[in-house]
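Worksheet: one structure, shown below.
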Amino acid sequence: MIGEFISGVRTLLRGFGTWRRRPGLMALGLVPGFIAALVLLAGLVPLALALGPISDGLTPFADGWIPAWRSVLRAAVGIVIFAAALALASAVFSALALTIGDPFYQRIWRAVEADLGDAPPSDGGGFWMAVGEGLRLVVLGILIAIAVLLLGLIPLIGGFLGAVGGVVLSGRMLARELTGRAFDARDLSPADRAVLFRGSRARVLGFGVATQLCFLIPGGAVAVMPAAVAGATALARTMLQRTPLPQHTPPLPQHSPQHAPQHTPPPPLPGSVSAPLPPPPGSGHA
């Protein structure tokens, strides 16, 4: 399992290798990430500056505590709030970047598919599909943020669990979303995708966690997004090679007994002798 997780991390590194082969195309992929990052920074920076007053307002019951314990509690509350905000910000960033940069990322995806050979003929969806996927990402990000906040309520270890849970859940969501275009282009059903993800759980998680950790570095989300798109394309191809999908064959037609086809005996072969027919009645033959 650990080896599979590390293989997922290496898949992201393979995405960075696309810079060497197609630097101009990857540079174009920085533009939508930069725009999305500016939008998110407008919300995250004020939140980070206001974490102290927010934590104080959420824990008035700790005003009479020993100063050391009060500081520990409010620091943990601040960490949980910011971890939840980062989980939501990661989903919103991906949604904005993938929607704004759909033409750029589509070209990166197509280039990686061509480099790997046997590219699918479909383009994997268009602008409106990207908008729909972006809205779904935002909803998932809200649910992950709520889960992180709930984990943060666990005494003593809540801050740690909230931070780790946010990275793991957000990373898994990113991996599933970024591989979506390759699967859409192959017209895979949700059941087929579930089979593929079950066959490569640790590898998908390693790719997603590595991507999410890079997103947490200041400026990392902008720099990593083109490589994440390229790496996710390679990851999807690996998943298809590792886990064969069941073949879907149409059912054979069923014949009811009353409408069963009538089987007639084959005609006699040329030169063969068939049994003589009995003479008709009254023919006079004994």
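Just to be sure, is Arg136 under 22 Å from Leu213 (Cα atoms), open to solvent by 60 Å² or more (accessible area, probe 1.4 Å) and out of contact with any Cys (no Cβ under 7 Å at 6 or more places or on another chain)?
In short, yes.
For the stretch 61-68, check the following and say yes or no: at least one residue is touching a residue at least 12 places away in the same chain (Cβ under 8 Å) and part of a helix (DSSP H, G or I).
Yes: one or more hits.
What residue, of Gly152, Gly117, Gly180, Gly141, is on the phi > 0 side of the Ramachandran plot and of a type in the set (Gly, Ala, Ser)? Write out each step before concluding.
Values: Gly152 fails: on the phi > 0 side of the Ramachandran plot; Gly180 fails: on the phi > 0 side of the Ramachandran plot; Gly141 fails: on the phi > 0 side of the Ramachandran plot.
Every option except Gly117 fails the conditions.
Which residue pairs have Cβ atoms closer than 7 Å, lie 6 or more positions apart in sequence or on different chains, and pair a first residue in the stretch 22-34 that is under 10 Å from Met225 (Cα atoms) and among the small types (Gly, Ala, Ser) with a second residue that is in a helix (DSSP H, G or I) and open to solvent by 50 Å² or more (accessible area, probe 1.4 Å)?
As it stands, the answer is Gly29/Phe104, since those pairs meet every condition given.
Among (1) open to solvent by less than 40 Å² (accessible area, probe 1.4 Å); (2) part of a helix (DSSP H, G or I); (3) not β-branched (Val, Ile, Thr), which single condition is Pro120 missing?
That leaves (2) as the condition not met.
For the stretch 181-196, check the following and say yes or no: at least one residue is in contact with a helix residue (DSSP H, G or I) (Cβ under 7 Å, 6 or more places away or on another chain), over 25 Å from Ile100 (Cα atoms) and either not basic (Lys, Arg) or not in a helix (DSSP H, G or I) (or both).
yes
State the number of residues belonging to the stretch 164-194 that are among the aliphatic types (A, V, I, L, M) and open to solvent by 40 Å² or more (accessible area, probe 1.4 Å).
Number of matching residues: 4.
Select from the stretch 198-208 the residues that are hydrophobic (A, V, I, L, M, F, W, C) and open to solvent by less than 20 Å² (accessible area, probe 1.4 Å) and list them in ascending order.
If the condition is that a residue be hydrophobic (A, V, I, L, M, F, W, C) and open to solvent by less than 20 Å² (accessible area, probe 1.4 Å), then Ala202, Val204, Phe207 are the ones that fit.
Give the residues of the stretch 22-62 that are among the β-branched types (Val, Ile, Thr) and either in contact with an Asp or Glu (Cβ under 6 Å, 6 or more places away or on another chain) or within 26 Å of Leu149 (Cβ to Cβ) (or both), sorted by residue number.
Val39, Val45, Ile54, Thr59
Restrict the check to the stretch 63-82 and report whether at least one residue is under 25 Å from the mean Cα position of the chain (by Cα), under 21 Å from Ile146 (Cα atoms) and open to solvent by 40 Å² or more (accessible area, probe 1.4 Å).
yes
Using the structure shown, decide if Arg110 is outside any loop (DSSP other than H, G, I, E, B) and either in contact with a helix residue (DSSP H, G or I) (Cβ under 7 Å, 6 or more places away or on another chain) or farther than 25 Å from Phe16 by Cα (or both).
Working: outside any loop (DSSP other than H, G, I, E, B): yes; either in contact with a helix residue (DSSP H, G or I) (Cβ under 7 Å, 6 or more places away or on another chain) or farther than 25 Å from Phe16 by Cα (or both): no.
No: the conditions fail for Arg110.
The values are calculated or read from the model by the stated rules, or taken from the named source; none is laboratory data. What you are looking at is a predicted structure, and each value in this text was computed from that prediction instead of being measured. Cβ sites come from the backbone with ideal geometry, for glycine too, and all protein chains shown count toward neighbours. When the accessible area is computed, the model is the full protein with side chains, heavy atoms only, and any ligands, DNA or RNA have been set aside. Shrake-Rupley method; radii C 1.70, N 1.55, O 1.52, S 1.80 Å.
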